[in-house]
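Q: Pasting a structure here, questions to come.
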Amino acid sequence: MFNSYHETTLRYHPERCINCRRCIQVCPHGVFGEGSERVALLREPACMECGACALNCPVQAIDVQSGVGCAWAMISAAIRGKDMDSAECTCGGGSDSCCGGSPDETPCCTNE
């Protein structure tokens, strides 16, 4: 069974990467970084599944199912006019996760 607190839906296909680095520029959690010939997937557990990387990749080297992680919980809370302390976290995190803790704590949905 998929455990969104420990796994993400992020799938990176490095063989398709043209090293445009757009994913590095748009990722709010530093999931991607510079590699020798193509972008490197550095911090997959930090992915909050916002979908920015996949939307900005011109060669579809990245797939992610947005709307299932902490980004979705944050967006839902903002739309409903709630703060993150009262929002439901779809990533399964508790009070010590990004969905229930303070913004300066451990990056979203990581087990670090």
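Q: Go through the stretch 39-56 residue by residue and turn each phi into a ³J(HN,Hα) via Karplus (6.51, -1.76, 1.60, θ = phi - 60°); whole Hz please, and just put x for glycine and proline.
A: Values per residue, Gly and Pro as x: 4, 10, 8, 9, 9, 3, x, 7, 5, 9, 6, 6, x, 4, 5, 5, 5, 9 Hz.
Q: Kindly give the semi-axes, whole Å and largest first, of the ellipsoid equivalent to the stretch 11-63, taking each as the square root of 5 times a Cα gyration tensor eigenvalue.
A: 15, 12, 10
Q: Okay, next question. I need 29, 13 ordered by Cβ neighbour count within 10 Å, fewest first.
A: Exposure proxy ranking, most exposed first: 13, 29.
Q: How much length would be gained if the chain were fully extended between residue 78 and residue 20, taking 0.36 nm per residue of separation minus their Cα-Cα distance, in nm to one decimal?
A: Full-extension gain reported as 17.7 nm.
Q: How large is the charge dipole for the stretch 11-63, taken about the Cα centre, if only the Cβ atoms of Lys, Arg (+1) and Asp, Glu (-1) carry charge, to the nearest 20 debye?
A: 100
Q: Return the long-range amide H neighbours of residue 42 (sequence gap of 5 or more, or a different chain), with a cut-off of under 5 Å between placed amide H atoms.
A: 32, 33
Computed from the coordinates by the stated procedures, all read-outs in this text should not be read as laboratory data. This structure is a prediction, so every number in the text was calculated from the model and none was measured. Note that each Cβ is placed from the backbone with ideal geometry, even for glycine, and that neighbours are counted across all protein chains shown.
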